[in-house]
Structure formats: C-alpha cells, structure tokens
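This report concerns only the one structure given below.
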Amino acid sequence: MYLVPILYKSYFDEYSRKCCIYIISSLIFGGICYGMHFPEILAPGYFDYLLHGNQIMHLMLLVAHIYEYDFVLHIINKNK
C-alpha cells in the first residue's frame, strides 16, 4: 500500500515516474533472486558466503529505499 502515493505522483511527473520504475523493478528483481535462489542454483556451494539470493534481495531493498528517499526529496523540493 505504500506505493499508492508514489504511483499517484508518478502519473503527473516524469522524474517521479522514473523513480517509481526503479523502485518496482528493484523490488521485483530482489524478490525473484530470493525466491528462486538465483545464484546458488547455478553453482551450488560457490555462493554460500557472498552474493547469495538473500544478500541480493537485501541489496535491492536498499536500492529501493534510496530511490524512495530521492523521490521524497524531489517532491519536497518541488513543492517549495
């Protein structure tokens, strides 16, 4: 439900639309990597300590939060 204001603002603003696309795509990519155990299914045992699906998911969540923060700063500066 927290994407509703972002989607509403992205309808009117090009920069907000770009942020919305980055947020949604990073969340989807992180969820797919976590759900499919993406790197560790290709090479079992090789990705045990670095870059396994859970770590990639957390990195993508961090990217989504960075773009959400950028979106909020853009809206604040636009309304001044």
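The values are calculated or read from the model by the stated rules, or taken from the named source; none is laboratory data. Keep in mind that this is a model prediction, so the values were computed, not measured. Here the Cβ is made from the backbone with ideal geometry for all residues, glycine too, and neighbour counts use every protein chain on show. Each accessible area value is taken on the protein alone, full model and side chains, heavy atoms only, with ligands, DNA and RNA left out. Shrake-Rupley method; radii C 1.70, N 1.55, O 1.52, S 1.80 Å.
Quick look at the values:
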| item | result |
| --- | --- |
| Search result, residues across the range 40-73 that are at pLDDT below 90, surrounded by fewer than 17 Cβ atoms within 10 Å (Cβ to Cβ) and within 14 Å of Ile23 (Cβ to Cβ) | Val72 |
| Residue count, the range 48-74 (criterion: farther than 15 Å from Gly35 by Cβ and either in a helix (DSSP H, G or I) or in contact (Cβ under 8 Å) with a residue 12 or more places away in the chain (or both)) | 15 |
| Filter pass, Leu27 being among the aliphatic types (A, V, I, L, M) and open to solvent by less than 90 Å² (accessible area, probe 1.4 Å) | yes |
| Pairs with Cβ under 6 Å, 6+ apart, first in the range 11-33 and free of Cβ contacts under 8 Å to residues at least 24 places away in the same chain, second surrounded by 15 or more Cβ atoms within 10 Å (Cβ to Cβ) | Arg17/Ser10 |
